[in-house]
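Reading through the structure tokens given below for one structure.
The values are calculated or read from the model by the stated rules, or taken from the named source; none is laboratory data. From a predicted model like this one, the values you see are computed outputs, not experimental measurements. Please note: Cβ atoms are built from the backbone with ideal geometry, for glycine as well, and neighbour counts cover all protein chains shown.
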Amino acid sequence: MEPQSTTPDRRKQPRSPAYMGGLITTDRRLIAIDCVVRNMSGAGAKLRVANATLLPEEFELHIAKTETASRVRTRWRREHELGVEIIPLAAHDAPVPLALARRIKRLEAENAGLKQRLGEGA
């Protein structure tokens, strides 16, 4: 018979062990702090950092190995560790794919040209 844990796991998704370098940025990326990502899931991560007690409640977490950056919120903290949850981006905050941005720019220029031609004909 396996022993049961007396502490309930409140995570929404299970986390996988990890050992990746990360970078915490705060204050509009003016301050950068190195960290180690110890485990992660699509909803959060456990970070190891020199002084977790000095970090703000929300910050950006950049992971070079996975080429990701996420806005995160602190859920718990100890002196050298903290658990964070990923804050979902609102639709208007999500990055626009480069191909779509180029297409929009091209269509806006085309629209401006058509408006100019209509103005000349009036």
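Tabulated data for the structure shown
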| read-out | value |
| --- | --- |
| Top-ranked residue in the stretch 50-67 [being closer than 16 Å to residue 85 by Cβ and not in a strand (DSSP E or B); ranked as farthest from the chain's Cα centre (by Cα)] | 52 |
| Cross-chain or 6+ apart pairs with Cβ under 8 Å, the stretch 32-45 first and in contact (Cβ under 8 Å) with a residue 24 or more places away in the chain, then aromatic (Phe, Trp, Tyr) and in a strand (DSSP E or B) | 37/19; 38/19 |
| Enumeration of residues in the stretch 7-35 that are farther than 14 Å from residue 83 by Cα, of a type in the set (Val, Ile, Thr) and modelled with pLDDT of 75 or more | 25, 26, 31, 33 |
| Unique match (being of a type in the set (A, V, I, L, M, F, W, C), surrounded by 11 or more Cβ atoms within 10 Å (Cβ to Cβ) and either closer than 22 Å to residue 16 by Cα or at pLDDT 90 or above (or both)) among 43, 101 | 43 |
| Any hit, the stretch 86-97, residues being under 15 Å from the mean Cα position of the chain (by Cα), at pLDDT below 90 and acidic (Asp, Glu) | yes |
